[in-house]
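Quick notes on the structure that follows.
Each reported figure results from applying straightforward, stated rules to the coordinates on display, with no laboratory input. Since we're looking at a predicted model, the values are computed, not measured. Cβ placement follows ideal geometry from the backbone for every residue including glycine, while neighbour counts extend to all protein chains displayed.
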Amino acid sequence: MEVKFAEFLISNTDILKCPKADKPEIAFLGRSNVGKSSLINMLANKKDLAKVSSTPGKTQLINHYLINKDMYWVDLPGYGFAKVSQSQRSSWSKMIWNYIEQRENLETLFLLIDSRHTPQQKDIEFINKLGEKGVPFSLIFTKADKETQKEVSGNVRLFKNKLLTYWEELPSLFVTSSVKRLGRNEVLRYIEELKINAIKEQKQKALM
Ligand SMILES: Nc1nc2c(ncn2[C@@H]2O[C@H](COP(=O)(O)OP(=O)(O)OP(=O)(O)O)[C@@H](O)[C@H]2O)c(=O)[nH]1
Ligand SMILES: [Mg+2]
């Protein structure tokens, strides 16, 4: 898949105000500063589509983007950012979980993990909650340019092993760098497959 059209649509805190759920949707989620907005820009090939900042906590709302006019991509606020107040954190968390559990056209979540670190408890907890609720997700390891390939693959292996202590199967998994544009083709190919399957399912439902 190549992204030929990418446009910001709307930001809000309320799932009822999101665009009509009439197209397949994917969402990008993960700890603050992990590189969600940067990844969206890299995939969409548009530098300033999503707002990026070196200060964690930049994205604070549910942001919808229309991609190739036939799907939505969503940039979400990060979790696990210590510097915001407890009440702010809990309202983000409520907003994110409402979105995840209620958005009917959400095909999959891309959960971003910083490839520089060994497995972080916050990420594992979040994944376990997704698994318990049966939410489909894939993992994207980010910032692979910041460490050697050996260190990155070591952290990925540790992460997989940690997940296998809880789950029998591993989700799809990608390694990316928004700076080096690494992993772009693989992630876009996967998104294209998701979209094709979602559209097929929609057509089948319409026939029933
Ligand atoms: N070296 C490197 N830096 C990156 C990469 N991706 C993001 N960054 C940097 O990491 C910082 C955070 O990036 P964002 O894309 O804003 O992260 P985010 O996950 O959207 O953060 P919040 O919106 O605050 O939750 C910025 O300074 C980016 O330039 C990457 O692949 N490589
Ligand atoms: Mg962001």
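Annotations
- Quotient of Cα Rg and 2.2 N^0.38 Å for the chain, N being how many residues it contains: 0.98
- Charge dipole (Cα centre; +1 on Lys/Arg Cβ, -1 on Asp/Glu Cβ; no other charges) of the chain amounts to roughly 500 debye.
- The spacing between segment 130-196 and segment 27-94, judged by their C-alpha centroids, is 17 Å.
- Each stretch of four or more DSSP H residues adds -39500 (n - 2.57); spread over every residue of the chain, this sum gives -12500 deg cm²/dmol at 222 nm.
- Out-of-range pairs (alpha-carbon distance over 32 Å; input Lys20/Lys160; Lys4/Lys83; Lys51/Lys146; Lys20/Lys51): Lys20/Lys160; Lys4/Lys83
- Label point 7 Å beyond Cα of Gln202 along Cβ direction - residues of segment 1-37 with amide nitrogen under 14 Å: 19-26
- Dipole check for segment 34-108: with +1 at the C-beta of Lys and Arg, -1 at the C-beta of Asp and Glu, and the Cα centre as origin, the magnitude is about 360 Debye.
- Length added when fully stretched, Tyr166-Thr13, from 0.36 nm per residue minus Cα-Cα: 51.9 nm
- With the highest mean first, a sort of the peptides 67-79, 85-97 on other beta-carbon atoms found within 10 angstrom per residue produces 67-79, 85-97.
- Taken along the Cα-to-beta-carbon direction at a fixed 7 Å, the label points for Gln86 and Arg116 span 3.0 nm.
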